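**Q** I have a structure I would like to understand better, so I am pasting it below and will then ask my questions one at a time.
Only the coordinates and a few stated rules stand behind these numbers; no lab work does. Worth saying up front: this structure is predicted, and the values here are computed from it rather than measured. Cβ coordinates were reconstructed from backbone atoms using ideal geometry, including for glycine residues, and neighbour counts include every protein chain displayed.
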Amino acid sequence: MTQIFKDGISYGVTPVLVTGNFDLAGIESGTLAVVVGASKGHGFAGVVKRHGFHGGPASHGQKDKHRSPGSIGSTAPQRVLKGRRMAGRMGMDRITTKNVPIVEVDFENKMILLNGAVPGTIGRRVELVLPVELMEVEVVEQTQREEKSESVDSGSKAGMTEGEVKESVDSGSKAGMTEENKSE
């Protein structure tokens, strides 16, 4: 995260590089966006790091129990109940950050500067969801394309003719069998 000064105010911004053929013309500064990404991975973590357990005392007869979870339940059910907080893999969860303001848009470098933190490590891909008002033109064009493709491909399967579909189904239906077994 870096800082920029705009209108006498310091903003902590995260630069997001836009890849692909996305047009940045409709995006303005001040627009609120939703950022979705994977959080930082921490590997296999203990209960102190993963769940914030306090651990055991350092004295009063304790040895090697400073960061242990303690009891994991009563003996009556004779099993560990679901939902018990234990050590395990931490991080790499799908995180959604809502209402992140766009501070600035750099059209030359195809970069968007977001105010605040973005989930994940530096260089990891994130999804940037913009308001519907900015995306209406693209949605309308997409539905028109779908209507055209349906009228062209009506009755066929993924642009294939009936003969090609039948051949692909026949050749793949009994995979791994010899020609003698296929005739039976």
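**Q** Classify segment 1-41: rounded, prolate or oblate, from the alpha-carbon gyration tensor (a ≥ b ≥ c, eigenvalue square roots; a/c under 1.5 rounded; otherwise prolate if a/b is larger than b/c)?
**A** Oblate shape, in that a/c is at least 1.5 and b/c is the bigger or equal ratio.
**Q** Related question: For the pair ASP106/LYS65, report the inter-label distance in nm, with labels modelled 7 Å from Cα in the Cβ direction.
**A** 5.6
**Q** For segment 4-142, what is the relative contact order in percent, using Cα pairs closer than 8 Å and at least 6 residues apart in sequence?
**A** 40
**Q** For LYS6 paired with LEU81, estimate the spin-label separation in nm (one decimal), with each label point 7 Å from Cα along the Cα-to-Cβ line.
**A** 5.0
**Q** Something else about it: Tell me the chymotrypsin sites (Phe, Trp or Tyr not before Pro) within segment 1-47 that lie in a loop according to DSSP and have at most 15 other beta-carbon atoms within 10 Å.
**A** Taking segment 1-47 and a limit of 15 other Cβ atoms within 10 Å, the loop chymotrypsin sites (Phe, Trp or Tyr not before Pro) found are PHE22.
**Q** Going down the table (LYS6/LYS110; LYS6/LYS40; LYS40/LYS65; LYS6/LYS98), which pairs top 26 Å between alpha carbons?
**A** Result: LYS6/LYS40; LYS40/LYS65 exceed 26 Å.
**Q** So between HIS54 and ILE122, what do we pick up on full extension, going 0.36 nm a residue minus the alpha carbon distance?
**A** Gain on extension, HIS54 to ILE122, equals 21.4 nm.
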